[in-house]
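Report on the following structure.
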Amino acid sequence: MRNACPQRLGEKWVRALWALPPVLALSLVFLYPLGLVVKQSFTPDGGDGMSFAPYTEVFASAAFRDALWTTVWLAVGATAGCLVLGFVLALVIAFVPFPGGKAVARFIDVFLSFPSFLITLALLFIYGTVGMANGLWTDVTGAHAGPFQFLTTPWGVLLAEITYFTPFVMRPLLAAFSQLDTAQLEVASSLGARPARIVRRVVLPEALPALAAGGSLVLVMCLNEFGIVLFTGAKGVTTLPMLVYSKAILESDYPAACVVAVVNIAISVGLYGLYRVVSRRVGA
C-alpha cells in the first residue's frame, strides 16, 4: 500500500508532462491571439490605457444593433428551416424505400465536408442575375431581365444557409432513426394509425434529442457564418462576422472590430455549451 501511493503520484506527473506540450501549443496558437483580441477591445484607438469606451461606442451604434439583429434572425430562421427540411428528408431516406437511398445517405456525409461558398456559387449559377433560371426566362419571354433577384437579399442568404446546413441536422436524425425499433411502426400501422399520426406519436418523440442536438449545432454555425453572406453579395445584409470584417479591413477600426468579435465569441461559446449539454443527453 505504501508503494502504491508514490507510484500513482509518479503516474500523474508523467501524464502531466505528456499533456504539457499540447497545452502549450494550444495556448500559443489559440489562447494567446484570443487574449490579444480581448485586450485590444479594451484599448481605445490611439490610447494606451484600458477602457470600456470601445464597448460603449460600439453598443451605442446603430450598425452594431442592426448587425446583431440580422445575425440573430438569420440564424434562427435558417435553423428552423433546417429542422423542418432535415426532418422531412431524413424521414424519406430512412423509412421510404427507393433506389439509391443508401447512396444518398452516404452523400450526406460527404456533403458535410463541402465549403459553404461552394453552395453559394451553385445557387448563383442557378438563380443569379445571369444564372440559368433567369436566362431561361429571358429566352422564353424575351424580357430584359429575369424575375429571380432574391439572392442578393436576406432571403437569398437564408436560402443558402438552409441549403448548406440541412445535412448537419439530417446526420444525427438518420443515426437516431437507425436505432428506432421498426416493430413499433408496424404495430401502430396494424392498429390503423395513419402515417402522419405514426410520425407524430412514434417517430417524433424519438427524434427530438437528435433534432435538439442538430439544431443547436446549426444555430452556432449560422451565427458565425461569413462565406455565404460574402459570396451572395447581399446588399444591406451585415451580420456580426461581416461587421468585424468591415471594421477591421475596410475602416481599420481595430478596437471596434475586436469588440464585435468578443461579443460574437461570447454568444457562440454560450450556444456551444448548450449544444454540448444537448449532445451529452442525446448520447445518454
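The values are calculated or read from the model by the stated rules, or taken from the named source; none is laboratory data. Quantities reported herein were computed from a predicted structural model and do not represent experimental measurements. Every residue, glycine as well, gets a Cβ built from its backbone with ideal geometry; the counts of neighbours run over all protein chains shown.
The table below gives the values:
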quantity: Matching residues, region 52-81, being aliphatic (A, V, I, L, M) and within 21 Å of the chain's Cα centre (by Cα); calculated: 67, 68, 72, 74, 75, 76, 78, 80
quantity: Test: residue in region 66-76 that is over 27 Å from residue 175 (Cα atoms), in contact (Cβ under 8 Å) with a residue 60 or more places away in the chain and polar (S, T, N, Q); calculated: yes
quantity: In region 87-107, residue surrounded by the most Cβ atoms within 10 Å (Cβ to Cβ) [restricted to those that are aromatic (Phe, Trp, Tyr) and assigned to a helix (DSSP H, G or I)]; calculated: 87
quantity: Condition broken by residue 205, with the remaining ones in (1) of a type outside the set (Asp, Glu); (2) out of contact with any Phe, Trp or Tyr (no Cβ under 8 Å at 6 or more places or on another chain); (3) modelled with pLDDT of 80 or more; (4) surrounded by 13 or more Cβ atoms within 10 Å (Cβ to Cβ) satisfied; calculated: (4)
quantity: Listing of helices (runs of 4 or more DSSP H) fully contained in region 113-178 that carry 1 or more residues being at pLDDT 85 or above and within 12 Å of residue 228 (Cβ to Cβ); calculated: 154-178
quantity: Which listed residue, of 249, 198, is of a type in the set (A, V, I, L, M), in a helix (DSSP H, G or I), surrounded by fewer than 22 Cβ atoms within 10 Å (Cβ to Cβ) and at pLDDT 85 or above; calculated: 249
quantity: Which listed residue, of 56, 43, is more than 16 Å from residue 265 (Cβ to Cβ), at pLDDT 80 or above and not in a helix (DSSP H, G or I); calculated: 43
quantity: Flag for residue 225 being in contact (Cβ under 8 Å) with a residue 12 or more places away in the chain and acidic (Asp, Glu); calculated: yes
quantity: Residue tally, condition among the polar types (S, T, N, Q) and surrounded by 13 or more Cβ atoms within 10 Å (Cβ to Cβ), over region 108-124; calculated: 2
